[in-house]
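So the structure is just underneath, and the comments pick up after that.
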Amino acid sequence: MAARSSDTRLDCYRSRRDFRKSPEPSGSEAACRVRKDRNPIFVIHEHRASSHHFDVRLEVDGVLKSWAVPKGPSTDTRERRLAVLTEDHPLDYADFEGVIPQDEYGGGAVVVWDAGPYRNIKTGDDGETVEMARAVEMGTVEVWLEGKKLRGGYALVRTNMRGDPDNWLLIKMDDEGADARRKPARTQPESVLSGKTLDDLEAQESDD
Ligand code: MN
């Protein structure tokens, strides 16, 4: 996909932010280039904004498709976690962690809670892989995550709950990565990038 169409997809992202005040990346043209030389990446940010949540992001055609998951991902196949589709984020957001000023959009601390490559495992009735963009459009995404905290298959399913098509569910698929006893969203708060927690970032910010 051309850089210009990536750019249009980031209009919403950019319009909500003032990059003179927020440390978040503005998403350059180069950052939106579709990369075919490696597997696509996923990243999960933990974000203590006005309400605490996790942002699950999947690289699709040069941008990060994003869902806000209030309770965070689970490794228990019986859990169905609300995942609200939000605006596309630039690819270079994958490495972002820091503190967004309180009076800005999404103000609060952000850490890279998990990250790694992923594989698209969604197949159609014919057994062929369904392209990611198409899977998102259809509202049935299935990916295999190779993260540090999360591994294995996860499904994202559009539900139309409360009449809102942005309300999806995040569900752990049944495989070797499933474990009903682990509660990683609660017990493993450290950034996989820096080892820091949201508390560490906030304490650091107030020292500055
Ligand atoms: Mn967020």
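Each value in this text was obtained by applying a stated rule to the coordinates, not by laboratory testing. These numbers were taken from a predicted model, which means no experiment stands behind them. Backbone-built Cβ (ideal geometry, glycine too); neighbour counts: all protein chains shown.
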Across the chain, how many lysine pairs, 8 or more apart or on two chains, come within less than 25 Å at their alpha-carbon atoms? 28
How much mean residue ellipticity at 222 nm does the chain get from its helices, if each DSSP H run of length 4 or more adds -39500 (n - 2.57) and you divide by all residues, to the nearest 500 deg cm²/dmol? -4000 deg cm²/dmol
Treat the count of other C-beta atoms within 10 Å as a stand-in for reagent exposure and order 132, 138 from fewest to most. 138, 132
In order over the stretch 186-192: 3J(HN,Hα) from phi, Karplus 6.51/-1.76/1.60, θ = phi - 60°, whole Hz, x for each Gly or Pro, gives 9, 9, 10, x, 6, 4, 7
Hey, got the Cα dimensions of the chain along the principal axes, in Å, largest first? 56, 45, 38
Candidates 141, 111, 130: whichever shows maximal mean-square fluctuation once the chain is modelled as a Gaussian network with Cα springs under 10 Å: 130
Quick one: among 53, 89, 45, which has the greatest mean-square fluctuation in a GNM of the chain with alpha-carbon springs under 10 angstrom? 53
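At 0.36 nm per residue, minus the direct Cα-Cα distance, what do residue 76 and residue 187 gain on full extension? Give it in nm, one decimal, please. Let's see the in-between values first.
Working: separation 111, 0.36 × 111 = 39.96 nm, distance 1.43 nm.
Stretched fully, the residue 76-residue 187 segment lengthens by 38.5 nm.
May I ask for the percentage of alpha-carbon pairs in the stretch 104-208 that lie more than 16 Å from each other?
Across the stretch 104-208, Cα pairs with separations above 16 Å total 69 percent.
When N is the residue count of the stretch 44-159, what does its C-alpha Rg come to as a fraction of 2.2 N^0.38 Å? Let's see the in-between values first.
Values: Rg = 14.4 Å, N = 116, 2.2 N^0.38 = 13.4 Å.
Scaled against compact globular proteins, the figure is 1.08.
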Pairwise label distance in nanometres, residue 126 with residue 161, each label 7 Å out on the Cα-Cβ vector: 3.4 nm
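Order by neighbour count: 148, 196, 36, fewest other Cβ atoms within 10 Å first, most last.
Working: 148 15, 196 18, 36 6.
In increasing order of surrounding Cβ atoms, one gets 36, 148, 196.
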